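Input: a single structure, listed below in C-alpha cells.
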C-alpha cells in the first residue's frame with residue numbers, strides 16, 4: 001500500500017506570494033491533517049479534514065487554509081507568504097478515528113518551503 | 001500552560017546497547033500516547049502507542065512504559081542499530097480533539 005504522498009518536495013517562494021501544497025493520503029484513509037515543523041516551534045498542528053469538512057483547527061492565522069476533495073486528497077494554501085512561514089509542512093492521514101486506536105496518524109515526508 | 005513531551009534534547013548510545021528515551025507530561029487527562037521516529041529528510045514514523053489503562057506495551061525491539069503517578073513515559077529500544085539514529089517524539093491528543101501535540105523530541109545518535 002502506498003504511503004502518504006506530498007508534492008512538491010521542495011518549494012522556494014518570495015515574500016508576499018502564495019503557495020499551494022498537495023497531499024494524497026493512504027488509500028482508504030478519510031482524515032487528513034496538516035502540521036508545520038520548524039526548528040524553533042517544533043511540530044505544530046494546522047488543521048484536520050474529514051470527509052471534506054474541516055474538523056479541527058490549530059492556532060494559525062487565516063492566511064493558512066486548506067481543503068479536502070471527495071477522493072480524500074487535500075491541499076493547503078498559504079497566502080501572503082512571510083519569511084517566518086519557511087518550514088517543513090507535513091501531511092498525515094488516518095482512518096479518522098485514530099484517537100480510539102483504530103489507526104494512528106501516518107505522515108508523508110513533507111514539503112520543504114523556503115520563503116525569501 | 002500544560003505541556004507534553006519534555007524530552008532531553010540529545011542522547012548518544014553505543015551500537016548494540018539498549019537506549020531509553022524519556023518523556024514527561026503535565027496533563028492528567030491525557031489517556032493516549034504515541035511515539036514517533038523521524039529520520040533526517042523524512043516525516044515522523046509511527047513506532048508504538050499506549051493507552052492509560054496500560055503500564056507497558058511491547059513491540060519489535062521497543063517497549064513503552066507509562067507511569068501515570070509521576071506523569072512519565074519512556075521508550076526503550078533494545079540492541080540499538082545504526083538505523084535507530086533519529087529524532088524521537090512522544091505525542092498525545094489534547095482534550096477531545098483529533099490533533100496531536102508533540103514534544104520537542106530527543107535526537108538519538110548510535111555510536112558504532
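Every read-out reported here was derived from the displayed coordinates using simple, explicitly stated rules and does not represent laboratory data. Remember, it's a predicted structure, so these values are computed and weren't measured experimentally. As a convention, Cβ positions derive from the backbone with ideal geometry for all residues, glycine included, and neighbour counts pool all protein chains shown.
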Shape of the stretch A:6-48, Cα gyration tensor, a/c cut at 1.5: oblate
q = 0.11 Å⁻¹: log10 I(q)/I(0) that the Debye formula gives for the protein assembly as shown, counting C-alpha atoms only: -0.55
Residues residue A:63 and residue B:107, FRET efficiency given R0 of 41 Å [Cβ-Cβ distance, rounded to 0.05]: 0.85
Computed log₁₀ I(q)/I(0) - Debye formula, equal Cα scatterers, no solvent, chain B, q 0.13, 0.15, 0.16, 0.18 Å⁻¹: -0.44, -0.59, -0.67, -0.84
Residues B:70, B:87, A:32, sorted so that the one with the fewest Cβ neighbours within 10 Å comes first: B:70, B:87, A:32
Chain B: relative contact order as a whole-number percent, Cα under 8 Å and 6+ apart: 37
Computed label-point distance, nm, for sites residue B:68 and residue B:31 using a 7 Å Cα→Cβ extension: 0.9
Scattering profile of chain A at q = 0.10, 0.14 Å⁻¹ [log10 I(q)/I(0), Debye over alpha-carbon scatterers]: -0.26, -0.52
Pairwise label distance in nanometres, residue A:82 with residue A:70, each label 7 Å out on the Cα-Cβ vector: 3.8
